[in-house]
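Trainee: I have a structure here, written as structure tokens, and I will follow up with some questions on it.
The values are calculated or read from the model by the stated rules, or taken from the named source; none is laboratory data. Here the structure is a predicted model, which means the values were calculated and not measured. Positions of Cβ are generated from backbone atoms using ideal geometry, with glycine treated the same way; all protein chains shown enter the neighbour counts.
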Amino acid sequence: MSNIEDIVDSLENKISKVLHKLELLKLANVKLNEELEVSKQEILSQRKHIANWEEKYEALKMANTILGSDDNKRETKLKINALIRDIDHCIGQLSD
């Protein structure tokens, strides 16, 4: 009879250990999910920051070209021509 009791006690002990490990894994999973969300937010913030700097770079590049820099002169001329066409189109619509 004591052999069955030993088996039951051993089984209860093992189940208790498994349940404890399960709780630890659940806590670790929650912590990892929180870290993942923080990382996603940081990545999103950094992407916005990069996009902002890219816009500033493009504006600076165009300003340098307008001020007489030879770099990107063709690109700036094309943008200015596109703006002039848009203005002409708006004037044409207003004239009608």
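Trainee: Determine whether LYS17 is surrounded by 10 or more Cβ atoms within 10 Å (Cβ to Cβ) and at pLDDT 95 or above. Write out each step before concluding.
Mentor: Values: surrounded by 10 or more Cβ atoms within 10 Å (Cβ to Cβ): yes; at pLDDT 95 or above: yes.
It is true that LYS17 is surrounded by 10 or more Cβ atoms within 10 Å (Cβ to Cβ) and at pLDDT 95 or above.
Trainee: Let me ask something else about it. Please pick out the residue among ALA28, ALA63 that is assigned to a helix (DSSP H, G or I), modelled with pLDDT under 90 and surrounded by 10 or more Cβ atoms within 10 Å (Cβ to Cβ).
Mentor: Numbers: ALA28 fails: modelled with pLDDT under 90.
Going through ALA28, ALA63 in turn, the sole match is ALA63.
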